[in-house]
Structure formats: C-alpha cells, structure tokens
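Right, one structure below, let's go through it.
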C-alpha cells in the first residue's frame, strides 16, 4: 500500500476539508441534535444529545483523517491541525464539562428519558466515553505538534522510524488509561508538563466515572 502523501501547507486535509470546517460541521450537527431533542424532552437531554452528536462527528472525522497518515504526512499535518493553544484548551474544557454534565444527569435523573435509570446510565456513560475520547484525541494532536514543532524531538518512542499520529495516540491514550507513560521517554520539560496536566485530567475523569457508577448501583438496588 502506498504511503499517504503529506498535505502541502495552506491546503485542506486528507478528506478534502480544513480542520476549521470539520469543527464547524461538528458544532452544527450538535446544535441541530441538541435543539431537536430539547424541544421534545428537557434541556439536559438536549445538552447531552448535542454533545454526543458533535463529539461523534468530530472524533470520527478526525481519526478518518489522521489515523491513516504516515510519519511524513503527520509531520506536515501536525503544525496545522492544532490550530492554537487557546482552541485546543477550549476543546478540552468543553469535553470536561460534557462529562460532568453526564455525571450530573446520571445522579440527578431525568424523568423525560424513556427507560428510566438504565437509559439514564447508558446516555451518561456514552457521553463520558465520548468526552474521554475527545480529550485524548486532542492530546494526540498536541503531542504531534510539540514533537514536530521547531526542533524535532522531545519524545523517545524507542525506535528508529519517525513517529506518526498512531504513535502519539499510543502515548496519549496510555496516559489517559493509566495516568502515566509506559515505555515512552519524555525528553522535554514542556512535554512532561503537558503529560502531567493530562494525567491529572484523566484522574478526574476516572474518579467521576467511578463515583457515578457507585451511585447508579446504589440507586438501582433500592
């Protein structure tokens, strides 16, 4: 199979659209889904439905784009994909708030949801999983930008081949699941600081999910 060719600077990504367009489309889909369900349910249902729709479109579209890239394409793409620290941090904040909203729905309940507590649990857990996936996908692109921005390096993948997005995903999702790195060496203070922030955020996610599940089990047992 031929390796994917890098996208020239200023051009759209591998699926023919810019990263900004992908984000806008995701938001529009989320708003449509959220407003539609809020009209027949409650604002909490609409909020979570909108988040789940937007996150599903964004994450799926993102991985269809970056998941197939080789190292050369990753290097060319990484500088454009993370469109500024402020945008990335805002995306992380939205994902975190969405997960908290899911936990709140799980704990407080919503009588408008057909299916009662099991349905509440399913909606909440899907929302949390999507938020978790979005957070670590964004960190995947951030590590790629940090590695290939300026002087190349800062992360030791213990190999001779240049890293691609899937390598950065390995680092990001390992931290997301274990709150630490495994066999990947971090050689940059900035990258270690980023990994620390991601670990703390991942711990908050894990704590919230465990607390929600405990309350769910207690509630279903009554």
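The values are calculated or read from the model by the stated rules, or taken from the named source; none is laboratory data. What you are looking at is a predicted structure, and each value in this text was computed from that prediction instead of being measured. Note: ideal-geometry Cβ built from the backbone for every residue, glycine included; neighbour counts use all protein chains shown.
The conditions are (1) within 17 Å of residue 75 (Cβ to Cβ); (2) surrounded by fewer than 21 Cβ atoms within 10 Å (Cβ to Cβ), and residue 163 fails exactly one of them. Which is it?
Failing condition for residue 163: (2).
For the range 55-74, give me each residue that is buried (at least 22 other Cβ atoms within 10 Å of the Cβ) and either in a loop (DSSP other than H, G, I, E, B) or without any contact (Cβ under 8 Å) to a residue 40 or more places away in the chain (or both).
69
Mind checking whether some residue in the range 136-149 is touching a strand residue (DSSP E or B) at 6+ places or on another chain (Cβ under 6 Å) and either over 28 Å from residue 19 (Cα atoms) or at pLDDT below 90 (or both)?
No, the conditions are met nowhere in the range 136-149.
Across the range 163-184, which residue is farthest from the chain's Cα centre (by Cα) among those that are part of a loop (DSSP other than H, G, I, E, B) and modelled with pLDDT under 95?
Filtering first and then ranking leaves 183.
I'm trying to understand the selection: among the residues of the range 153-162, which are closer than 13 Å to residue 142 by Cβ and assigned to a loop (DSSP other than H, G, I, E, B)?
Within the range 153-162, 154 is the sole residue that qualifies.
Give me the residue from the range 31-44 that is surrounded by 17 or more Cβ atoms within 10 Å (Cβ to Cβ) and closer than 20 Å to residue 93 by Cα and, out of that set, modelled with the lowest pLDDT.
It comes out as 44.
Quick one: residue 25 ticks every box in (1) under 17 Å from residue 125 (Cβ atoms); (2) surrounded by fewer than 17 Cβ atoms within 10 Å (Cβ to Cβ) bar one, so which box is it?
The one condition residue 25 does not meet is (1).
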